[in-house]
Amino acid sequence: MTWDPRAIPSQAGKTFVVTGGNAGIGYFIAEQLAAAGGRVVIAARNPGRASAAIASILSRHPRAEVSAVHLDLASFDSVRAAAAELATLDRIDALIENAGAIMPSKSRQVTVDGNELMFGTNHLGHFLLTALLYPTLERTPGSRVVTMGSGATRLTGIRLDDLQSERRFSSWSAYGQSKHATQAFGFELDRRLRAAGSPVSALVAHPGGGQDGNTPVRLGVMEPTRGQRILAKILFFVGGGKHTAAWPAVRAATDPDAVGGQYWGPRGGLSGQPCVGRPASASHDPALGAALWAESERLVGQAFPV
């Protein structure tokens, strides 16, 4: 079907949970879904930033239905508490797993549960959240899980024998490995859902490039500096703004023609209209998906029987 990301079909009556919906790409995912009439729940670690995001959306769309739930993906206790609150929703039409840690330090850091920070936040936290919310997703007709991958997976690998980057660590490789994990989880979830005949679909999206300097101002949320605007003009080839980087995930969550197992990203790789592409082969490997699934269940202490 013809798709216009600036005129998304009505999402009235649907509920969307967006992790990290308080800032960056996640904010614009939340804003675009709310503008289309969807009920949006922002799952965020920082209550102040979540409130600012809600205020920004309401300033542009006064009738929008948007709320927040506290979620720190780097803490299994926080994930369980957030899931318990989200499970009270009558429906979840799409769980959009956008939040993540991006190369926060040159040295290896760990979550409160002892997992490498990027792997623990980007993958394990979302794996646990999905497992806990699966009953709600299953009872929502046509529901979807959209995991957020990255083009970094084309430049890095994943080591099943060192998922936590304990033997050797670099921020770039650990980040790429965490994104291989999020993509592999999405594709393995799709395979399992299909095998089980589940009504839930799993899709993977990647944002391409999204520069702060190419992003429209949202007071209290996104206020690009003059320097960032200049840099974006110099690095014009890197991609559009955070608002355009949101399009692949939004389309994966809402396009009625989208189906499980698809990999959505910008047509040009870094920017452009969202379209179905091909993921890095490692992320799509069923053997990797199955092994990662088993290890993830062990690490989070939660069976995900689907």
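Values as computed for the structure displayed
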item: Gaussian network model of the chain, springs between alpha carbon atoms under 10 Å - residue of L292, L189, L235 with greatest fluctuation; result: L235
item: Expected 222 nm ellipticity per residue - DSSP helices of 4 or more, -39500 (n - 2.57), all of the chain, to 500; result: -11500 deg cm²/dmol
item: D4 - accessible surface, heavy atoms, 1.4 Å probe, Å² rounded to 10; result: 70 Å²
item: Portion, in percent, of the accessible area of segment 30-136 that falls on carbon or sulfur, probe 1.4 Å; result: 50 percent
item: The chain: most fluctuating residue of A291, A35, A99 per GNM, C-alpha cutoff 10 Å; result: A291
item: The chain - accessible surface per residue (Å², probe 1.4 Å); result: 42 Å²
item: Pairs of Cα atoms farther than 26 Å apart, segment 1-153, %; result: 24 percent
item: Aspartates and glutamates whose Cα lies under 13 Å from that of K242, excluding same-chain neighbours fewer than 8 positions away; result: E31, D212, E223
item: Overall Cα dimensions of segment 172-306, principal axis frame, Å, largest first; result: 50, 34, 30
item: Mean separation of Cα contacts under 8 Å (6+ apart) over length of the chain, as relative contact order %; result: 17 percent
item: Computed accessible area, T244, all protein chains, 1.4 angstrom probe, square angstrom; result: 30 Å²
item: K106, K14, K179, ranked by accessible area, largest first (probe 1.4 Å); result: K106, K14, K179
item: Surface accessible to a 1.4 Å probe, R218 within the full protein complex, Å²; result: 20 Å²
item: Listed residues P266, P62, P274, most fluctuating in the chain (Gaussian network, C-alpha, under 10 Å); result: P62
item: Length gained when the stretch S67-A294 is fully extended (0.36 nm per residue, less Cα-Cα span); result: 78.3 nm
item: Extension gain, R167 back to L219 (0.36 nm per residue minus Cα-Cα distance, nm); result: 14.4 nm
item: Carbon + sulfur, % of accessible area of segment 151-296 - ligands and nucleic acids excluded, 1.4 Å; result: 56 percent
item: Most to least accessible of D161, D113, D255 (protein chains only, probe 1.4 Å); result: D161, D113, D255
item: Answer label for Cα extents along the principal axes in Å (calculated), chosen among [x] 69, 54, 39; [y] 46, 44, 38; [z] 57, 40, 35; result: [y]
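The values are calculated or read from the model by the stated rules, or taken from the named source; none is laboratory data. What you are looking at is a predicted structure, and each value in this text was computed from that prediction instead of being measured. For the accessible areas, the whole protein counts, side chains as well, though only heavy atoms, and no ligand, DNA or RNA atoms are used. Shrake-Rupley method; radii C 1.70, N 1.55, O 1.52, S 1.80 Å.
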